[in-house]
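Note sheet for the following structure.
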Amino acid sequence: MSASESKIAGRNIVVTGGASGIGLGLCRRFIDMGAAKVIVADLNENAAQQAASDLGDSASAVTCDVGDEASVEALVASAIERCGHIDMFVANAGVGAGAGLDASNELWELSWRVNVMGPVYAARHAIPHMAERGGGAFVITASSAGLTTGPTSFNYATSKHAAVGVAEWLAINHGPTVTVSAICPTLVDTPMAPEFGTVLKQPLTVDEVVDSAVEGIEAGQFLITPEPVAVDMLRAKAQDYDGFLANMQQRVAAMQAATERPG
Ligand SMILES: NC(=O)c1ccc[n+]([C@@H]2O[C@H](COP(=O)([O-])OP(=O)(O)OC[C@H]3O[C@@H](n4cnc5c(N)ncnc54)[C@H](O)[C@@H]3O)[C@@H](O)[C@H]2O)c1
């Protein structure tokens, strides 16, 4: 895949967590943009099949648990068997459930298994295949919580920092042969959003995230942030870490006050 060629039109693309929210939005847009084949991979078998049937002949469903290496290996093999090869793998599946200091070990383990090892297993099995063919694209849906933490749950924010670390390591060690991108949205209006509790901002729409994602992927950009504020905050953190933390503490206090306010 040369830099001037589309990474989407005419390509074979696997999207994990493709049956809902951002993943489903990406699958739909990839097909609208002329992708050859889109594999809708999801833990939820019925939802994946429904999504693939709604998306039409270019889509097909594979049931997969991204936190289980054998399942991810089988997904990559099945995608190669169905499509001939994979041009792009989008490690999008994630879990949002979380808590603070009281987050259970089970929640920590789930966040780690799905949000971190999911992309690691995908990279381990898809990147050598793409590199052998001379190139491809590998995309991780991380989160702005992986850049600047924010007032979100302890286990979620920590796992998303690790997901950004996975993407950065892959970009440094396997780019530019394989183009690596990390999508880092703030809150998005999907079935996962309520898991993040009270928020003081209007969520992004899936379409806004998808617009930004396809533009960034086509440009071979690493950091894809649908809202410039995420980059502003990252810059503020790099320039003055203590000032950034003080600002975040104020935001958390404002959120707590909003939650406790009657009515
Ligand atoms: N919604 C947000 O506010 C937001 C913000 C930033 C980043 N993200 C990230 O975007 C990605 C997509 O989230 P979404 O908001 O579209 O959520 P969603 O709940 O709408 O979709 C997640 C999909 O992932 C699937 N899934 C969950 N665990 C899986 C597993 N082990 N194996 C395979 N599939 C699995 C689910 O069945 C579901 O279809 C996640 O990585 C999430 O962390 C979401």
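Would you calculate the volume per residue, in Å³, of the smallest convex hull containing every Cα atom of the stretch 1-124?
Hull volume normalised by residue count: 112 Å³.
Quickly work out the Ala246-to-Ala131 label distance, labels modelled 7 Å from Cα along the C-beta direction, and quote it in nm with one decimal.
4.6
For the stretch 115-184, report the % of Cα-Cα distances exceeding 15 Å.
49
What percent does the relative contact order of the stretch 98-208 come to when contacts are Cα pairs within less than 8 Å and at least six residues apart?
Relative contact order comes out at 29 percent.
Work out how much length Ala253 to Val229 would gain on full extension: take 0.36 nm times their residue separation and subtract the Cα-Cα distance, in nm to one decimal.
Details: separation 24, 0.36 × 24 = 8.64 nm, distance 1.98 nm.
Stretched out fully, the Ala253 to Val229 stretch lengthens by 6.7 nm.
In debye, nearest 20: dipole of the chain around its Cα centre with unit charges on the Cβ of K, R (+) and D, E (-)? Please report the intermediate quantities before stating the final value.
Values: 15 positive and 29 negative charges, 68 e Å.
So the magnitude is around 320 debye.
Which net charge results when you count Lys and Arg as +1 and Asp and Glu as -1 among the other residues whose beta-carbon is under 11 Å from that of Gly25?
Taking every other residue near Gly25 into account, the sum is -3.
Along the three principal axes, how long is the stretch 177-263 when you take its alpha carbons, biggest first, rounded to the nearest angstrom?
Principal axes ranked by extent give 52, 34, 16 Å for the Cα atoms.
Write down the Kirkwood hydrodynamic radius of the stretch 219-263, to one decimal in angstroms, obtained as one divided by the mean of 1/r over all alpha carbon pairs.
Averaging 1/r across every pair of different Cα atoms and inverting gives 12.6 Å.
For the stretch 12-230, take N as its residue count and report Rg(C-alpha) divided by 2.2 N^0.38 Å.
Compactness ratio reported: 0.93.
Lysine pairs in the chain with alpha-carbon atoms under 23 Å apart, 8 or more places apart or on different chains: how many are there? Can you show the working numbers first?
Numbers: Lys7/Lys37; Lys160/Lys201; Lys160/Lys237; Lys201/Lys237.
Pairs that pass both the separation and distance tests number 4.
What is the packing order of peptides 204-211, 157-164, 24-31, 229-236, taking the mean over residues of other C-beta atoms within 10 Å and listing the highest first?
The densest-packed peptide leads the list: 24-31, 157-164, 204-211, 229-236.
Do you know the relative contact order of the stretch 1-134, to the nearest whole percent, from alpha carbon pairs under 8 angstrom that are 6+ apart?
For the stretch 1-134, the relative contact order is 24 percent.
We did not get these values from a lab; they are worked out from the coordinates using the rules stated. Just so we're clear, the structure is a prediction, and the values are computed from it rather than from any experiment. In this analysis, Cβ positions are derived from the backbone assuming ideal geometry, glycine residues included, and neighbour counts consider all displayed protein chains.
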